[in-house]
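Since the structure comes first, as structure tokens, the remarks are kept for the end.
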């Protein structure tokens, strides 16, 4: 377990470096599309580094705001607070900040950069349909993400994917309305035009590359959090029953986006489960492993 935590910490810096590179490349492509010269490249790299540091320190706040999460009142959500406090005592973790998302779809996520700066958010739908042992299983799963330092990787990925998508969208729209290289029309007939076309192509592909990077670091973490979660509760049937309820539910979280999808305990967007081609696509491009596979693994423990 400690080896996995150390591995997650190392992976965090690798992911952070990869996103710095991808944002810098997207910024450079943006520069060639709109034509700001060497100064534009330097600014793009500076922005990439600044956004990465911003991701490290503030990505949890961005994720909570994007999900429309509000602090969970200790009186109104007493059961939620009591379960978290009990599990934190058992696991030796500090109590994270607790939030609630007003949404009828049952789901939950953890965010933050370390156990001392972490938060757990649950939907009102999850609190309504889960009994005590099921909710305990879900909370233990999310605390495991905190304990295993999964939250840092996922929150950095969320912010970076959003930044790359926004940069690409602005660059493509600018190229569409101005024809590209508006600041350097003298170079339109030569190498500049080729670089501008390459830049546009990269801006189109960059968000997909960022999402694939996000997917790559998301799936295995769910299996590990399931296993760690049941080791905290010492009652696998609780999480199994919770995942079975989530599998039966077909609703979606309205405040979830493609950028934040990997943070939730299960896929919060349309296309959770299906057959044939849809199921194959889910396995290849979904941020989460299929719930039935997770349930099967837990039953075999």
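What the table shows:
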read-out: Of all residues in segment 15-39 being over 29 Å from the mean Cα position of the chain (by Cα) and surrounded by fewer than 19 Cβ atoms within 10 Å (Cβ to Cβ), the one that is modelled with the highest pLDDT; value: 39
read-out: Test: residue 161 is crowded, with 23+ Cβ neighbours inside 10 Å and farther than 17 Å from residue 266 by Cα; value: yes
read-out: Checklist (1) closer than 20 Å to residue 156 by Cα; (2) part of a helix (DSSP H, G or I); (3) modelled with pLDDT of 75 or more applied to residue 230, failing item; value: (1)
read-out: Residue list for segment 92-114, restricted to those being surrounded by fewer than 19 Cβ atoms within 10 Å (Cβ to Cβ) and either under 12 Å from residue 67 (Cβ atoms) or touching a helix residue (DSSP H, G or I) at 6+ places or on another chain (Cβ under 8 Å) (or both); value: 93, 94, 95, 102, 104, 114
read-out: Elements of type helices (runs of 4 or more DSSP H) in segment 76-176, at least 1 residues being touching a residue at least 12 places away in the same chain (Cβ under 8 Å), within 30 Å of residue 21 (Cα to Cα) and within 15 Å of the chain's Cα centre (by Cα); value: 132-147
read-out: Scan of segment 46-78 for residues that are surrounded by 13 or more Cβ atoms within 10 Å (Cβ to Cβ) and under 16 Å from residue 135 (Cβ atoms), ordered by number; value: 72, 77
read-out: Number of the exception - residue 112 against (1) within 26 Å of residue 230 (Cβ to Cβ); (2) at pLDDT 95 or above; (3) assigned by TED's automatic domain parsing to the domain that holds residue 240; value: (2)
read-out: Any helices (runs of 4 or more DSSP H) falling wholly within segment 235-301 and containing at least 1 residues that are modelled with pLDDT of 80 or more and surrounded by fewer than 18 Cβ atoms within 10 Å (Cβ to Cβ); value: 236-248, 291-299
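The values are calculated or read from the model by the stated rules, or taken from the named source; none is laboratory data. From a predicted model like this one, the values you see are computed outputs, not experimental measurements. When we count neighbours, we look across all protein chains shown, and the Cβ atoms used for this are built from the backbone with ideal geometry, even at glycine.
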